[in-house]
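Heads up, the thing below is written out as structure tokens.
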Amino acid sequence: MDLDRLIAFFHDLTPESVGRFPEFYSADAYFKDPFNEVRGVEAIQRIFAHMFRQVDAPRFVVIEHLADANNAMLVWEFRFRPRGWGRGTGRGEAQVVRGVSHLKFDAAGRVNYHRDYWDAAEELYMKLPVIGCLMRWLRKRLTAGR
């Protein structure tokens with residue numbers, strides 16, 4: 001496993017470089033995040049290709065990482081500009097989602113397990129124009145000690 005090379009791949013990810021996933025992921029790799037659960041490098045590539053169609057200027061920045069011979073944890077920020085979030089209302093500004101990826105590696109050093117952990121409610125839903133109002137109201141009602 002060359003973790004530095006994998007991190008550089010994510011830092012420099014482009015629509016064109018999505019085709020390089022097989023260099024880093026096994027053919028039957030498992031991937032799960034709050035919206036997707038797939039198996040197979042082709043399915044993983046489709047998720048990242050879809051990301052480039054849904055948001056402008058997506059970029060992953062790995063802030064911290066921990067690793068041993070078979071596992072890694074990557075602490076990251078996903079930076080992007082939303083498309084269609086009420087242009088003219090300030091909602092098209094740059095956004096940041098913070099999360100952690102747990103990676104497991106096969107004997108060849110390729111990722112065969114990739115699980116992303118991030119809070120979709122806090123990091124995404126609360127920033128949406130309509131749903132965000134409801135989420136902020138719920139958060140206020142459910143917060144202890146106020």
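The values are calculated or read from the model by the stated rules, or taken from the named source; none is laboratory data. Not measured: the values here are computed from a predicted model. Quick reminder, even Gly has a Cβ in these numbers, built from the backbone with ideal geometry, and neighbours come from all protein chains shown.
What to note about this one:
- Some residue of the range 95-108 being over 11 Å from the mean Cα position of the chain (by Cα) and either modelled with pLDDT under 95 or part of a helix (DSSP H, G or I) (or both): yes
- Lone qualifier among 63, 7, 47 - being at pLDDT 95 or above, surrounded by 17 or more Cβ atoms within 10 Å (Cβ to Cβ) and among the β-branched types (Val, Ile, Thr): 7
- Subset of the range 17-58 (residues that are in contact with a Phe, Trp or Tyr (Cβ under 6 Å, 6 or more places away or on another chain) and charged (D, E, K, R)): 39
- In the range 1-13, residue farthest from residue 108 (Cα to Cα) [restricted to those that are without any contact (Cβ under 8 Å) to a residue 24 or more places away in the chain and either over 16 Å from the mean Cα position of the chain (by Cα) or assigned to a loop (DSSP other than H, G, I, E, B) (or both)]: 12
- From the list 76, 118, the one residue that fits, being closer than 18 Å to residue 7 by Cβ, buried (at least 16 other Cβ atoms within 10 Å of the Cβ) and modelled with pLDDT under 95, is 118.
- Qualifying residue in the range 106-115 (condition: of a type in the set (Asp, Glu) and in contact (Cβ under 8 Å) with a residue 40 or more places away in the chain): yes
- Which listed residue is under 22 Å from residue 120 (Cα atoms), touching a helix residue (DSSP H, G or I) at 6+ places or on another chain (Cβ under 7 Å) and in contact (Cβ under 8 Å) with a residue 40 or more places away in the chain, from 97, 61: 61
- Those residues of the range 22-48 which are assigned to a helix (DSSP H, G or I), within 20 Å of residue 118 (Cβ to Cβ) and in contact (Cβ under 8 Å) with a residue 24 or more places away in the chain, in sequence order: 44, 48
- Residues that are under 19 Å from residue 78 (Cβ atoms) and either surrounded by fewer than 12 Cβ atoms within 10 Å (Cβ to Cβ) or of a type in the set (A, V, I, L, M, F, W, C) (or both) within the range 17-32 comprise 18, 21, 24, 31, listed in sequence order.
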